[in-house]
Structure formats: structure tokens, C-alpha cells
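Engineer: Dumping the structure here so I can ask a few things about it.
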Amino acid sequence: MIAVLTLVLYLGLVPAAGAEALEAGGQATVLEVVDGDTLILEDRTEVRLAGIQAPKLPLGRPGFETWPLAQEAKQALAGLTLGQVVTLTFGGRRMDRYGRLLAHLHLSDGRWIQGEMLALGLARVYSFADNRALVAEMLALERAAREASRGIWSHPFYRVIGVEETPSFIDSFQLVEGRVLKVAVVKSRGYLNFGPDWREDFTISIAPRDRKLFEADGARLEDLEGRLVRVRGWIKSFNGPMIEATHPEQIELVDE
């Protein structure tokens, strides 16, 4: 069972970003739903739901295959929001590189759209160091859906993979589980090594600037040595499979 607490909470702290009040961003009517985590408002502003990733549609990208349950996720978001007045709030960076607003959305009855999609099992947590508000709450909702095998969590495409499988998943976003064999810091960069050969085995890498964020939250990397953890992120190939962790919420301790 995955621990209810994130790495930061396990170490006895409350993540500051999760406790910050969201900043108000006004209200608007939803005109169109693009996919399970993106929609367009009546003034043609495009909004990306902050903190989550729904199954992806091709959306004109050549050769891109539709992810399982992508249409179901789009339909669910449309059922929740299409034609509805939503309140926008912000908890970090407000715009992505594509010019889309990064917002949390709430309906007039108080329902939180990110929470609804996660509870349905039609999205997973996808957070960034500059947009961490409510991540702890989102992780709890995702975990409950996963344990109940709702939505994407009943499909093998989205399963949690083991570190030994990571070479087959380069350039994809995954949840990876394994035991940290050794923690090292080389030229101020942190490494969580999951095998004896750092040139080939799976590794979590933490840049010097990001280590400061971990340390500010009281997350000591050395405390993870020998622990079973779950990390989420894009798997890249650099001295073997690697995920770059930019903020503590990417890493969860697994309850043994």
C-alpha cells in the first residue's frame, strides 16, 4: 500500500505550497472541451487544468496514438463543465509555454474539477515545482481511485511499473516503484540510485537548485536510502533510465 503521506509529510512537515490560499481568477463559461484536461472559455481563452494529466488525444499530431480512455476522459470533463460557469483560481505559475492558463476550476456548487477527474480515475497527478498548490490533496484522490481500480487504474497502460521495466518506457510519463539502493551527491546534484551500476540502472536525479527546494521543505535525501519509493515523471535516457525530480511531491514513500 502506498503511504498516505508524501515524502514531505512523512518527514513531519506540511508542504507550504499545498497550504497556500488559491488566488482568485474570475469566472467564465466553458465553451468547448479539447480533451480530458484542457478546455476553452467563452472568450476563447484556453485553460489547462493545473496539476493533472488526463489520457491524451492526437489533436492533430502526426503519428500520435490515442491513449486508452482518452475519449472517456474528454466526455467526463465535458459532462462536468461544458456550458457551465466556472471559477478560476491559481496556485502558482499562471501560464504554460503554449499560452494556456494553468488554473484550478470550481463549479458553482463548490465541486473542484481537478478533484472530480482524479476521483473518477480519469486523470493522474502531474505537478511542477512552480505550481504545487493542492498537490497533497490531489495525490490522496489519485491514490483512492488507484486502490479502487477506477478508470485508468484498471488499464495496464497506466499501471505502476517497476524500476527494472524503465528501459522500455523511455520518453514517457510513468509512475515507477522501487527501492533506493544508494543516495549520492556529486557536484551538488543529488542521485537516488536503484541499482549497483549508475551507468545503466534507473536513477532519480535532483538538480542543485531543486535540492534547495527539497531541503527547504525538510526533505532529506539521505533518509530515502534503503526505502521503497514511488516516483512520477518523464523517463529520459541518461546513464540509463532517469527521472528528474524537481519537487518533493514527485516522490512518495511506499508503506511496507
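Engineer: Given the conditions (1) touching a Gly at 6+ places or on another chain (Cβ under 8 Å); (2) surrounded by fewer than 21 Cβ atoms within 10 Å (Cβ to Cβ), and given that Val135 satisfies all but one, which numbered condition is not satisfied?
Structural biologist: The number of the failed condition is (2).
Engineer: While we're looking at this one, here's another question. Could you tell me which of the residues Leu221, Leu213, Leu192, Leu253 is out of contact with any strand residue (DSSP E or B) (no Cβ under 8 Å at 6 or more places or on another chain) and either in contact (Cβ under 8 Å) with a residue 24 or more places away in the chain or within 24 Å of Arg132 (Cα to Cα) (or both)?
Structural biologist: The unique qualifying residue is Leu213.
Engineer: Can you tell me which residue in segment 95-122 is surrounded by the fewest Cβ atoms within 10 Å (Cβ to Cβ), limited to those that are among the hydrophobic types (A, V, I, L, M, F, W, C) and in a loop (DSSP other than H, G, I, E, B)?
Structural biologist: Going through the qualifying residues, I end up with Leu120.
Engineer: Give Val34, Val30, Val85 a once-over and let me know the one that is assigned by TED's automatic domain parsing to the domain that holds Ala136 and exposed (fewer than 14 other Cβ atoms within 10 Å of the Cβ).
Structural biologist: Details: Val34 fails: exposed (fewer than 14 other Cβ atoms within 10 Å of the Cβ); Val30 fails: exposed (fewer than 14 other Cβ atoms within 10 Å of the Cβ).
Result of the check over Val34, Val30, Val85: Val85.
Engineer: What strands (runs of 3 or more DSSP E) completely inside segment 183-253 contain at least 2 residues that are at pLDDT 95 or above and within 21 Å of Tyr158 (Cβ to Cβ)?
Structural biologist: Because the criterion is at least 2 residues that are at pLDDT 95 or above and within 21 Å of Tyr158 (Cβ to Cβ), the strands (runs of 3 or more DSSP E) in segment 183-253 that meet it are 228-237, 241-244.
Residues checked against (1) closer than 27 Å to Ala54 by Cβ; (2) surrounded by fewer than 17 Cβ atoms within 10 Å (Cβ to Cβ):
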| site | (1), (2) |
| --- | --- |
| Val160 | yes, yes |
| Val163 | yes, no |
| Phe214 | no, no |
| Glu249 | yes, no |
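Engineer: Now for a separate question. Tell me which residues, restricted to segment 216-225, are surrounded by 16 or more Cβ atoms within 10 Å (Cβ to Cβ) and either touching a His at 6+ places or on another chain (Cβ under 7 Å) or not small (Gly, Ala, Ser) (or both).
Structural biologist: Asp217, Leu221, Leu224
Engineer: Still on this model: What number of residues within segment 44-60 satisfy the criterion of being basic (Lys, Arg) and either assigned to a strand (DSSP E or B) or not assigned by TED's automatic domain parsing to the domain that holds Asp96 (or both)?
Structural biologist: 1
Engineer: Sticking with this structure for a sec: Residue check, Gly92 against (1) surrounded by 17 or more Cβ atoms within 10 Å (Cβ to Cβ); (2) assigned to a helix (DSSP H, G or I); (3) of a type outside the set (A, V, I, L, M), all met but one. Which one?
Structural biologist: (2)
Engineer: Further, regarding this structure: If we keep just the residues of segment 165-180 that are outside any strand (DSSP E or B) and either in contact (Cβ under 8 Å) with a residue 60 or more places away in the chain or under 15 Å from the mean Cα position of the chain (by Cα) (or both), which is surrounded by the fewest Cβ atoms within 10 Å (Cβ to Cβ)?
Structural biologist: Filtering segment 165-180 for residues that are outside any strand (DSSP E or B) and either in contact (Cβ under 8 Å) with a residue 60 or more places away in the chain or under 15 Å from the mean Cα position of the chain (by Cα) (or both), the one surrounded by the fewest Cβ atoms within 10 Å (Cβ to Cβ) comes out as Asp171.
Engineer: Another one. Considering only segment 226-236, I want to know if a residue exists there that is over 21 Å from the mean Cα position of the chain (by Cα), more than 23 Å from Ser127 (Cβ to Cβ), of a type outside the set (D, E, K, R) and surrounded by fewer than 16 Cβ atoms within 10 Å (Cβ to Cβ).
Structural biologist: Yes; the residues of segment 226-236 include at least one that is over 21 Å from the mean Cα position of the chain (by Cα), more than 23 Å from Ser127 (Cβ to Cβ), of a type outside the set (D, E, K, R) and surrounded by fewer than 16 Cβ atoms within 10 Å (Cβ to Cβ).
Engineer: So, Arg150, is that one of a type in the set (Lys, Arg), at pLDDT 95 or above and out of contact with any helix residue (DSSP H, G or I) (no Cβ under 7 Å at 6 or more places or on another chain) or not?
Structural biologist: Numbers: of a type in the set (Lys, Arg): yes; at pLDDT 95 or above: yes; out of contact with any helix residue (DSSP H, G or I) (no Cβ under 7 Å at 6 or more places or on another chain): yes.
Yes.
Engineer: Moving on to the next point. If you go through segment 145-158 one residue at a time, how many are surrounded by 14 or more Cβ atoms within 10 Å (Cβ to Cβ) and over 17 Å from the mean Cα position of the chain (by Cα)?
Structural biologist: Count: 3.
Engineer: Counting only residues that are within 20 Å of Trp112 (Cβ to Cβ) and assigned to a loop (DSSP other than H, G, I, E, B), which one in segment 1-43 is modelled with the lowest pLDDT?
Structural biologist: Val14
The values are calculated or read from the model by the stated rules, or taken from the named source; none is laboratory data. None of these values were measured; they are calculated from a predicted model. Glycine also receives a Cβ, built like all others from the backbone with ideal geometry; neighbour counts cover every protein chain displayed.
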